[in-house]
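Please read the structure below before turning to the comments.
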Amino acid sequence: MLRGSPFKISSRKKLIVLAAVAVLLPIWLLTYTQYRSLLELEKKTKGAYKENLRQNLLDVERKMEEKVEDIAHRALLPAAENIRLSKKETAAQFEKYFSAVRQTQPEVEQIFVISNPGVENEKDAYGYVYSNILFEYKNSDFKKNADVREILSAFDEASKMRNFLGASRRFLFRQSGCSECSTDEKPGRETYLFYPLLNFETQKPIGFAGLIVSENYVRDEMLSPIVAEVLNSRDRIIPKHVKIAVSVGDGNGREIFTNLPGQHQYIIESDFNRPFTDWKAKIGFKNFGLDSLARDGFLQSSAASVLVLLFLIAGIFLTFRAISREMRLAQMKSAFVSNVSHELKTPLSLISLFAEILELGRVKDEEKKREYYRIIGEEIRRLNKLIDNILDFSKIEAGRKAYKFAEADIGEVVENVISVYQHQIINSGFQLKTNIPENLPTISIDRDAISQAILNLLDNAVKYSAETKEISVDVKTQDSFLRIEITDRGTGIPRAEQKKIFEKFYRAGNGLIHDVKGSGLGLSLVKHIIDAHRGKISVESEAGKGSRFIIRLPLAPTAANRKSSNSTAGEIYKVAENSNH
């Protein structure tokens with residue numbers, strides 16, 4: 001990669017400006033709009049929660065009315081059809097009717113019938129009250145008996161208030177306190193249902209039938225299941241983990257029912273409509289306030305929005321990175337073509353020049369001829385090396401690069417490479433030091449590939465050395481690896497670029513790059529070769545002080561090496577391609 005390239009700087013600036021204007025600005029606007037929407041949603045959520053709670057109370061009230069009316073229909077209507085309130089009626093008949101009701105409807109605590117309650121001096125007025133036994137009262141007893149007085153008082157209040165139950169307006173409803181209780185006692189509540197009786201001929205009131213529903217039944221068998229049914233069956237917008245507390249009390253502040261005992265922050269307090277005019281209901285959340293619950297919803301929505309935003313930013317970042325990488329790759333490919341063209345042109349020009357001089361016979365001195373032949377040979381070898389690198393790189397990119405593994409003495413392989421390249425090293429003014437012990441363990445390698453890797457490293461050491469021309473090659477065993485070190489005293493590699501030098505087309509951006517031509521493929525090929533051998537390559541370098549490239553090849557046979565060792569000689573092993581190459 002060419003640092004300082006105007007094209008690169010300009011392209012990156014354009015890309016950053018484009019990303020800021022075309023992407024980041026819309027994201028900011030979207031984020032701001034979403035934040036405002038969430039704030040508005042929080043306000044609407046609070047209203048929706050309150051309305052949902054209010055609808056729950058209305059459902060409880062409606063179902064309670066249906067339940068009470070059903071009790072009245074089943075208990076009073078059949079009995080009233082058989083009650084004429086005439087002198088012919090006997091106590092035994094009333095007891096029969098009432099006993100049947102009590103047996104079939106255990107929720108009825110008391111059932112009664114009263115004749116002509118408004119006419120105190122009517123001699124024929126009477127009343128029957130049945131709990132477990134039947135009590136008969138005459139008109140003269142109405143004021144004396146507390147039970148009858150309570151019944152008459154409740155009926156009178158229900159009639160005056162026209163407290164009808166249901167749309168049919170057949171039944172009257174009244175819940176009344178115990179007026180006879182002492183001041184030390186907590187007043188009880190009695191739920192009355194009345195059915196006015198009319199004369200069949202004149203349709204004038206002649207009395208009423210009625211009953212008292214057990215307070216325990218109202219609490220445990222009516223309110224409790226109805227509240228549970230409403231809270232469980234309603235399609236609530238309130239989160240399911242939030243428990244809803246419902247409390248129903250009377251006009252004196254006495255709690256009749258609650259589904260969650262304890263202190264709660266009630267959100268809605270409401271008086272029930274007729275017939276439950278004395279009932280007051282409260283509903284809220286257990287351990288939650290309306291503001292905190294709405295804030296939780298806001299935070300959850302915000303978290304989801306932030307998560308989506310992060311994914312969006314990550315996607316944009318990856319896209320930007322991919323585009324930047326493709327641009328960098330395109331620049332490196334352009335530089336690669338330029339460098340390779342120069343690499344091809346220079347040796348070809350020299351070969352053409354010296355071949356023409358020799359062909360025209362202008363050189364008479366034999367020593368000079370040998371020098372020209374040597375130069376032509378070196379340039380041909382240089383061309384062959386460059387072409388081999390390009391061909392190998394092409395195979396790697398296409399996934400067709402194959403390696404031929406066989407047992408070999410790595411020391412011998414390194415010495416052969418040095419002997420071939422030694423003449424060029426010495427002629428270039430370098431001092432070469434080697435430390436290659438004898439009797440090194442044999443390992444399974446591709447001789448040509450390892451030779452190419454070592455040759456590329458030696459070639460780089462020659463190219464990128466300035467004043468101090470020293471190269472050393474060391475081979476030794478270390479733990480379970482065979483270690484090859486190639487050290488120079490050249491220009492070195494900056495720390496920030498040491499991870500990038502093994503990328504394809506990449507060339508370190510020091511000052512020497514303008515004087516040394518290259519394709520940017522050598523180290524990429526070296527890494528691929530070492531990876532194919534299940535080895536590792538690393539670099540230790542400091543700018544201005546030289547570099548040490550370290551190859552580690554495993555001594556223990558790998559799966560690939562065992563396959564090669566057990567196969568016939570010359571078998572080719574194809575290596576899976578690394579996406580980094």
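Grab the beta carbon distance between Asp156 and Glu229, set R0 = 30 Å, and tell me the FRET efficiency rounded to 0.05.
Once rounded, the FRET efficiency stands at 0.30.
Please compare each pair in Lys44/Lys280; Lys385/Lys476; Lys67/Lys96; Lys433/Lys469; Lys50/Lys280; Lys46/Lys240 to a cut-off of 21 Å on the Cα-Cα distance and tell me which ones are over it.
Lys44/Lys280; Lys385/Lys476; Lys67/Lys96
Can you give me the solvent accessible area of Met161 with a 1.4 Å probe, rounded to the nearest 10 Å²?
The accessible area comes out at roughly 70 Å².
Please list, ordered by chain and number, the residues whose modelled amide H lies under 5 Å from the amide H of Thr477; skip anything fewer than 5 residues away on the same chain.
Correct list: Arg483.
If I take R0 = 30 Å and measure r between the Cβ atoms of Ala406 and Ser324 in this structure, what FRET efficiency does the formula 1/(1 + (r/R0)^6) give, to the nearest 0.05?
My answer for the efficiency is 0.10.
Suppose each label sits 7 Å from its Cα in the direction of the beta carbon; what would the Gln93-Val308 distance come out to in nanometres?
Each label point is offset 7 Å from its Cα along the Cβ direction, giving 7.5 nm.
Students sometimes get this wrong: rank Trp28, Trp279 by accessible area, probe 1.4 Å, all chains present, largest first.
Trp28, Trp279
Net charge within 9 Å of Asn163 by Cβ-Cβ distance, Lys/Arg positive one each and Asp/Glu negative one each, not counting Asn163 itself?
Details: positive: Lys160, Arg162, Arg174, Arg274; negative: Glu157.
Within the 9 Å Cβ shell, the charges total +3.
Enumerate by residue number the GluC sites (Glu not before Pro) in the range 397-491 meeting two conditions: DSSP loop (anything except H, G, I, E, B), and at most 16 other Cβ atoms within 10 Å of the site's Cβ.
Glu438, Glu467
The values are calculated or read from the model by the stated rules, or taken from the named source; none is laboratory data. It should be emphasised that the depicted structure is a prediction, and the values quoted were computed from it without experimental measurement. Methodologically, a virtual Cβ is constructed for each residue, glycine included, from the backbone with ideal geometry; neighbour enumeration extends over all protein chains shown. Accessible surface areas use protein heavy atoms only, side chains included; no ligands, DNA or RNA. Shrake-Rupley method; radii C 1.70, N 1.55, O 1.52, S 1.80 Å.
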